[in-house]
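Reviewing the structure listed below.
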Amino acid sequence: MTKGRTIKKINLDWKFYRGDDPGAWYKGLDDSSWRDVTLPHDWSVEEPFSKEHSSGTGYLAGGLGWYRKNFTLPQELKGKRVYVTFEGIYNNSQVWCNSHYIGKRPYGYSTFTYDLTDFISFGEVNNVISVKVDHKDVADSRWFTGSGIYRDVYMTITDPIHIDQYGVFVTTPTVSKEQATVAMNIRLSNETMKDEHIQITNTLLDGTGRTIDSIMESRIVPRESGSEVDQTIMITTPMLWSPDTPYLYSILTEIIKDGEVIDQIQTPVGIRWFEFDADRGFFLNGVNMKLKGVCVHHDAGCLGAAVPEQVWIRRLQALKDMGCNAIRMSHNPPASNLLDLCDIMGFLVMDEAFDEWEGVKNKWSTGHNVYPPQHFGYYEDFPQWGEIDLKEMVLRDRNHPSIILWSIGNEVDYPNDPYCHPSFATMTGNNDANKPAAERQYDPNKPNAERLATIARRLVAYVKECDPSRPVTSALAFPELSNLTGYSEALDVVGYNYKEHLYKEDHAKYPSRVTYGSENSSSLEAWLAVKDNDSICGQFIWTGIDYLGEAKGWPVRAAQSGFMDLAGFKKTSYQYRQSLWRQEPMVFLAAMKKDDPNYEGKRRWSGGAPHWNWEAGEQLEVTCHTNCEEAELFINGRSLGSKKLKDAPQYYLTWEVGFEEGTLEAVAKGKDDVSHSYKLYTVSKPEKLALSVDASELKADGQDIAHIEIQITDRSGRPVYLADNPIKLSIEGPGEIIGMENGDAQDVEPYSSRTRKAYHGKLLAYIRTKTTAGLIIVKAESPDLELARIAITAK
């Protein structure tokens, strides 16, 4: 019999049927006519955009679908325990194994595991897992959710004596620069019919896999029962985990019986300590720092909710380069591989569970804040499943050193949505002109907001049961009221959404309370309220990246508040934020018309366009974003003068310039007197396509991903920002195009199309390998532009 634990992803070779098949639970069903799909899979983005669907979820379909997976297990595994884990199914999933009904999970963001041992066959006998997904209420969210098995699925096979699910909990209860204590709590089970004598070993490994120290303990585990073991290891002069140095150790936990390892789990460990101080803010490893955070939703444009790890790597690296050091997982448990990346790449994380509790929120279906709303959502399941889903999140995620806060909710206290209170109508925070008058008044027939304090205390207790080592927070929409109802008092750390004007006042009222910006605009004022206030430890800007849903109204299908668009291309606002947050010298140029009727809005949200193709003589405002001390602007080599950043109250430099063709250049100098420059050129008409790929070699495993950026250029190879030519992609070899995204929130061309127009001169394609090796050729073509090809090797 094979010894030890095996964990294997089973994302390949699934069958999918869009719609209902009442017999699909049955093992013997002939599914040969069903589609072959690879997981993760989101059927919503495969279907056309339509006004018939909800604006809140991006005008994309929900509905019902079935998945089936056929597999065999070797005969030598007989006697083992077999589990299947689904990282996320949206939503209302039901699972069968070999015609046996296993269970259901309503919440679309929870990870869950089923024990299949009693239903599995070994040897040559085929097994079938059947999954029904019922996303019947497409207007069940305030943002895009996706539909289907949109995260990884894996199978775990263990010995009958094994470490429990989430049975390893590693903490660092005492840490200093000189030494640290690494504590391990191990829970294990004996599912045999006799008492068993075992040894439990925990080994601390450094980042190269070298053993630092090990500890062993013998234990008799009673039959059909469990046991719990606590062990500690001391380490001197530890490498401390931080966003700048995200060093990871690991703990190898082994169960040994009769001299053989029968189970093992390796857990990454980041050694660090942190604290929140009501007066001085946040400290990591004894160093005071500001949380420069962004909120992110879980989709990636054309890929929907089925986002491969490589896509997150590209996006997180861009945020890192911007100066971001913290991520808020809005407003649901994220994919576990995203948290892995935050550990590896160095981001501090707020892990969030819910957007609504018992009370249903307004769901906008015909445009953001356009009445009347719909009222579907998780509230239906929260009373029965809230504790289970919250504990699942904490137990799954508690070993991630990146996580510094558990959030139990987002804006559940939003005024009259649905919670109300007698003092409600007199509060200025409720003066929202977008609401009908009836929704700005106290209604005694609505749920009383004091109920939120009761729920919050219960949820905090659930978190502490699973992890007493981290503080619990929530993002408050209406702290003016929540400070009176007891909701705020239930929290360890209190998050304020868009309430910067209350920071100083509430710190005086509640001097022992830790407060921070849990959701903020990207305005300079919102940042200065953090930067210039010792007691406020940070902010989380809405949002780091554009996301599908929460749309203003057709044909706009996405929210555009991000520093990057749906394709992950950087906006001018990204460059501005980089100038505020990043230490390394940078400089960037953009321009906009002074007489533009939407000048103020564009100034705030876009910051201008990074190109130099305007009408002759047109009066422009040229903006230079830099963190250097001063910059000088040149047009065709002629100086337009120098300006100093200390004289710019908005932290960017501007010049009024009459357009003339040629080269616009900013030369910036920092304290080291080193020059840094950025140029914009007047380009000619679009003539060529330039393709670049971030990975020229991929694994032929059916899962590896490459990004291909397609740039429209002029004859000289300079990017043409204003080009919007349609681009058709085709592929040859053992790969497939799984998505094309241009970042244009108003482009309602179906994502299933392999022709898409460029936006701001660019287009992004996602390429996934198949399971055979070979050369993948991607071809891009467009009328009046030179055809282009690029090659990727799958090995």
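List of remarks:
- Per-residue surface analysis assigns Y651 an accessible area of about 80 Å², computed on protein heavy atoms at 1.4 Å probe radius.
- Order by protection proxy (mean Cβ within 10 Å, highest first), peptides 408-419, 675-686: 408-419, 675-686
- Label-point gap, in nm, between K446 and D647 - each point 7 angstrom along Cα→Cβ: 5.2 nm
- Listed pairs K320/K770; K8/K770; K728/K762 exceeding 24 Å between Cα atoms: K320/K770
- Furthest towards positive pole of dipole, T171, N190, Y150, structure part region 126-253, Cβ charges: Y150
- Taking the protein heavy atoms of the chain in the context of the full set of protein chains, the accessible area attributed to carbon and sulfur is 49 percent at 1.4 Å.
- Ranked by the mean number of other Cβ atoms within 10 Å per residue, highest first, peptides 453-463, 544-554, 617-627, 291-301 order as 291-301, 544-554, 617-627, 453-463.
- Residue-wise HN-Hα coupling along region 584-593, computed from phi with Karplus coefficients 6.51, -1.76, 1.60 (Hz; x: Gly, Pro): 5, x, 8, 8, 8, 10, 8, 9, 7, 6
- Cα centre as origin, Lys/Arg/Asp/Glu Cβ charges: the chain dipole, Debye: 680 debye
- Within straight-line cross-link reach of K51, lysines at Cα separation under 18 Å, skipping those fewer than 8 residues along the same chain: K136, K363, K552
- Net charge dipole size for region 1-136 [Lys, Arg +1 and Asp, Glu -1 on Cβ; Debye, nearest 20]: 540 debye
- Each Lys or Arg adds one and each Asp or Glu subtracts one; over the other residues with Cβ under 9 Å from the Cβ of P479, this totals -2.
- Taking Cα centre as origin and charging only the Cβ of basic (Lys, Arg, +1) and acidic (Asp, Glu, -1) residues, the dipole magnitude of region 140-236 rounds to 260 debye.
- Positive-end residue, the chain charge dipole about Cα centroid, Cβ charges, pick of F659, Y371, P610: F659
- Region 356-416 versus region 206-234: alpha-carbon centroid distance in Å: 37 Å
- Relative contact order %, region 643-695, counting alpha carbon pairs below 8 Å whose residues are six or more apart: 24 percent
- Placing pseudo-labels 7 Å out from each Cα toward the beta carbon at D672 and T192 gives an inter-label distance of 6.3 nm.
- Heavy-atom accessible area per residue - the chain, 1.4 Å, Å²: 39 Å²
- Across the cross-link table entries K104/K361; K446/K509; K194/K257, which are compared at the Cα atoms, the separations over 18 Å belong to K104/K361; K446/K509.
- Efficiency of FRET between R223 and E52 - r from beta-carbon atoms, R0 56 angstrom, step 0.05: 0.45
The values are calculated or read from the model by the stated rules, or taken from the named source; none is laboratory data. Quick caveat, the model's predicted, so the values are computed rather than measured. Positions of Cβ are backbone-derived with ideal geometry, glycine not excepted, and every protein chain shown enters the neighbour counts. For the accessible areas, the whole protein counts, side chains as well, though only heavy atoms, and no ligand, DNA or RNA atoms are used. Shrake-Rupley method; radii C 1.70, N 1.55, O 1.52, S 1.80 Å.
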